[in-house]
Amino acid sequence: MGTFKEWIKQNPYIAGGVIALLLAGFGICLIIGAIKDWDWLYEPDEHYQNNWTMGQISRYLGRKAARMIGVLGGVLFIVIGLYLSYIAFTCKG
């Protein structure tokens, strides 16, 4: 595991770019899930939990509202991810 930590220390911009692209990929998954109405993502939770998930949003605001929030959140994650990856991969540090 030490070599992975060393690689991150030696290549911080590439590691940041990979993380940024993962954020954009997460946003794409949220949007696809909203369009295809994935049950595992948007099914209302049956009981209260301490964390807010799409299931909790579906439970309190309805499934359509949760899907709209998923699309908006997905777009936000894509924009942030693409912006951060642009910074990471164009930086000459």
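Values quoted throughout were computed directly from the atomic coordinates according to the rules given, and no laboratory measurement underlies them. Quick caveat, the model's predicted, so the values are computed rather than measured. No Cβ is skipped: glycine too gets one built from the backbone with ideal geometry, and neighbour counts run over all protein chains shown.
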Positions within the range 49-82 being of a type in the set (Phe, Trp, Tyr) and in contact (Cβ under 8 Å) with a residue 24 or more places away in the chain, in sequence order:
77
Hey, residue 20 crowded, with 17+ Cβ neighbours inside 10 Å, in contact with a Phe, Trp or Tyr (Cβ under 9 Å, 6 or more places away or on another chain) and of a type in the set (A, V, I, L, M) or not:
yes
Given (1) of a type in the set (A, V, I, L, M, F, W, C); (2) surrounded by 15 or more Cβ atoms within 10 Å (Cβ to Cβ); (3) within 15 Å of the chain's Cα centre (by Cα), identify the lone condition not met by residue 38.
(3)
Of the residues that make up the range 17-27, is at least one over 20 Å from residue 90 (Cβ atoms), in a helix (DSSP H, G or I) and of a type in the set (A, V, I, L, M)?
no
